[in-house]
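Colleague: Structure below; questions to follow.
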Amino acid sequence: MAEEAQAEVPTRTLVEGLVRADGTVDAGELYEVAGALGMSDQQVRLCIKRMAAEGLLVQEGRGRRAVLRETEQARRAADPEVEFVRHMYAQDAGLAPWDGGWHLAAFAVPESARHARDALRETLVRLGGAAVQGGLYACANAWEPYVEAEAERLGVRDRLTLLTSTDLRIGGESEPLALARRLWPLEELADGHRRLAAVARSRLARLTAAAPPGRTERLAATVELAAEFTRATAPDPLLPPELLPRPWPGAEARALTAECWRLLLRAEHADPAPGPRLFHRYDEAVRRITGVGQEN
C-alpha cells in the first residue's frame, strides 16, 4: 500500500476549520481532533489565547468543556474567500474565460504613510497581482473593486491609479503565456497544487474505504484538506487557463478536493452532531458552478 500523503496543519487552521454554522467551536471536540492530528493540548491552548487576544474568539468556560465563539471580525475576514473559491471552480469549468485584458494598478504613497503603502502592496499580491516594476502591479482578473476598497480603507485612494490594457509589454515581451511565466512563479505554484492533489487523493481513498472513518477522523481529514487547500490556493493568482501551461495541476487538485467535500458532507448529513461550517460554505461556492457536492 502506498504511503499516505501527510498534511501540515497550523493550529489556527484547526480552530478555524471546526467553527460550526452558529459560529461556535466545541472545545472538547477541538482537543480530540487536535490529538488525532498529533497536536498537544498546550499547543491548542496557546492558539486559543492568541486568537482571543486578536479579537477573533471569545472563550466561555474552561478546558474541554469550554465553548469558543467566533467574533464578527473573524467572520468578516472569512467571508470573501468564498467568492474566490467560486471563481476558481468557474475557471476550471470553462465559465470564466480570459478576455485578453490586463488589469493594472499603480500607486505612489509617500514614506510618511509607509504602513498604508505596505498594506496596499500586500493586498495587491494577495489578490493575484505581480510587480511589473516599482509601484506598478498587473493582474489577469478584474480586481478593481477590491483594490479601491482597500485603498479607501487605508486612506490612500488619491494615490492609486487603475487602468486596463490589452497591449502589455515588459522588456519587449508581449506574448501572454511568456508574460505569465515572467510575472508569476508558475512551477512553485504547480508544486503546491500537486501536494494538494496528493493529500486529497489519500483522504479520498480513506473516505471510500470499506470501513468508513469515524467522526473524529472525518473532522481531522476536513481540517487537513482545508490546510492544504489554503496553502495551495492562497498564493495562486488564479490565472485563466489561457495563461497557464498544460496540463495544469490546479484543476485536478481542486476536483479531488471537491469530491472529498462531497463525501464529507454526505457523512455529516447522517450525523446528528453539528458539523463545521467550512465545507458547507465552500460546497455552496463549488456546487453553483460545477454541480459537485450535490446529493444524487
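This table checks each residue for (1) out of contact with any His (no Cβ under 6 Å at 6 or more places or on another chain); (2) outside any helix (DSSP H, G or I); (3) surrounded by 18 or more Cβ atoms within 10 Å (Cβ to Cβ).
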| residue | (1), (2), (3) |
| --- | --- |
| Pro212 | yes, yes, no |
| Thr216 | yes, no, no |
| Glu228 | yes, no, yes |
| Ala253 | no, no, yes |
| Arg262 | yes, no, yes |
| Arg266 | yes, no, no |
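Colleague: Quick check on this structure: which one of Glu152, Glu173 is of a type in the set (Asp, Glu), more than 20 Å from Val85 (Cβ to Cβ) and in contact with a helix residue (DSSP H, G or I) (Cβ under 8 Å, 6 or more places away or on another chain)?
Modeller: Exactly one residue qualifies, and that residue is Glu173.
Colleague: Of the residues Val15, Val44, Val82, Val33, which single one is of a type in the set (A, V, I, L, M, F, W, C), surrounded by 14 or more Cβ atoms within 10 Å (Cβ to Cβ), assigned by TED's automatic domain parsing to the domain that holds Pro274 and farther than 30 Å from Glu252 by Cβ?
Modeller: Val44
A quick yes/no check of all residues on (1) of a type in the set (Ser, Thr, Tyr); (2) at pLDDT below 90:
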| residue | (1), (2) |
| --- | --- |
| Ala2 | no, yes |
| Pro10 | no, no |
| Arg20 | no, no |
| Tyr31 | yes, no |
| Arg50 | no, no |
| Leu56 | no, no |
| Glu60 | no, no |
| Arg65 | no, no |
| Ala74 | no, yes |
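Colleague: Yes or no: region 195-207 includes at least one residue that is more than 14 Å from Glu4 (Cα to Cα) and free of Cβ contacts under 8 Å to residues at least 60 places away in the same chain.
Modeller: For region 195-207, residues more than 14 Å from Glu4 (Cα to Cα) and free of Cβ contacts under 8 Å to residues at least 60 places away in the same chain: absent.
Colleague: Next up: I need the full set of residues from region 127-143 which are surrounded by 14 or more Cβ atoms within 10 Å (Cβ to Cβ) and either among the hydroxyl-bearing types (Ser, Thr, Tyr) or under 22 Å from the mean Cα position of the chain (by Cα) (or both), in order please.
Modeller: Hits for region 127-143 are Leu127, Gly128, Gly129, Ala130, Tyr137, Ala138, Cys139, Ala140, Asn141, Trp143.
Colleague: Please go through region 268-287 and give me each residue that is closer than 19 Å to Ala93 by Cα and either without any contact (Cβ under 8 Å) to a residue 24 or more places away in the chain or buried (at least 18 other Cβ atoms within 10 Å of the Cβ) (or both), ordered by number.
Modeller: The answer is Tyr282, Asp283, Ala285, Val286, Arg287.
Colleague: Same structure, new question: Which of the residues that make up region 164-181 are closer than 14 Å to Trp102 by Cα and either surrounded by 14 or more Cβ atoms within 10 Å (Cβ to Cβ) or touching a residue at least 12 places away in the same chain (Cβ under 8 Å) (or both)?
Modeller: If the condition is that a residue be closer than 14 Å to Trp102 by Cα and either surrounded by 14 or more Cβ atoms within 10 Å (Cβ to Cβ) or touching a residue at least 12 places away in the same chain (Cβ under 8 Å) (or both), then Thr164, Ser165, Thr166, Leu168, Ile170, Pro176, Leu177, Leu179, Ala180 are the ones that fit.
Colleague: Can you tell me how many residues within region 47-72 are part of a helix (DSSP H, G or I), loosely packed, with under 12 Cβ neighbours inside 10 Å and under 23 Å from the mean Cα position of the chain (by Cα)?
Modeller: The qualifying residues number 1.
Colleague: Determine the pairs where a residue that is without any contact (Cβ under 8 Å) to a residue 24 or more places away in the chain, located within region 136-149, has a partner that is not hydrophobic (A, V, I, L, M, F, W, C) with Cβ atoms under 7 Å apart, the partner being 6 or more residues away or on another chain.
Modeller: If the second residue must be not hydrophobic (A, V, I, L, M, F, W, C), the pairs left are Glu148/Arg157.
Colleague: Mind checking which residues of region 239-264 are among the acidic types (Asp, Glu) and closer than 16 Å to Arg86 by Cα?
Modeller: Glu252, Glu259
Colleague: Here's something else I'd like to know. Can you spot a residue in region 116-124 that is surrounded by fewer than 16 Cβ atoms within 10 Å (Cβ to Cβ), part of a helix (DSSP H, G or I) and assigned by TED's automatic domain parsing to the domain that holds Arg231?
Modeller: Scanning region 116-124, I find no residue that is surrounded by fewer than 16 Cβ atoms within 10 Å (Cβ to Cβ), part of a helix (DSSP H, G or I) and assigned by TED's automatic domain parsing to the domain that holds Arg231, so the answer is no.
Colleague: Glu83 versus (1) of a type in the set (D, E, K, R); (2) assigned to a strand (DSSP E or B); (3) under 29 Å from Cys139 (Cβ atoms): which is the lone unmet condition?
Modeller: Unmet for Glu83, out of (1) of a type in the set (D, E, K, R); (2) assigned to a strand (DSSP E or B); (3) under 29 Å from Cys139 (Cβ atoms): (2).
Colleague: Counting only residues that are at pLDDT 80 or above and of a type outside the set (A, V, I, L, M), which one in region 275-295 is farthest from Gly17 (Cα to Cα)?
Modeller: So, considering only residues that are at pLDDT 80 or above and of a type outside the set (A, V, I, L, M), the one farthest from Gly17 (Cα to Cα) is Gly275.
Colleague: Tell me yes or no: at least one residue of region 88-103 is part of a strand (DSSP E or B) and under 30 Å from Thr166 (Cα atoms).
Modeller: Within region 88-103 (the criterion being part of a strand (DSSP E or B) and under 30 Å from Thr166 (Cα atoms)), the answer is yes, since at least one residue qualifies.
Colleague: Something else about it: Tell me yes or no: at least one residue of region 121-132 is farther than 30 Å from Ala251 by Cβ, out of contact with any Pro (no Cβ under 8 Å at 6 or more places or on another chain) and among the acidic types (Asp, Glu).
Modeller: no
The values are calculated or read from the model by the stated rules, or taken from the named source; none is laboratory data. A quick note: this is a predicted structure, and the numbers were derived from the prediction, not measured. Because the Cβ atoms are built from the backbone with ideal geometry, glycine has one as well, and the counts that use them run over all protein chains shown.
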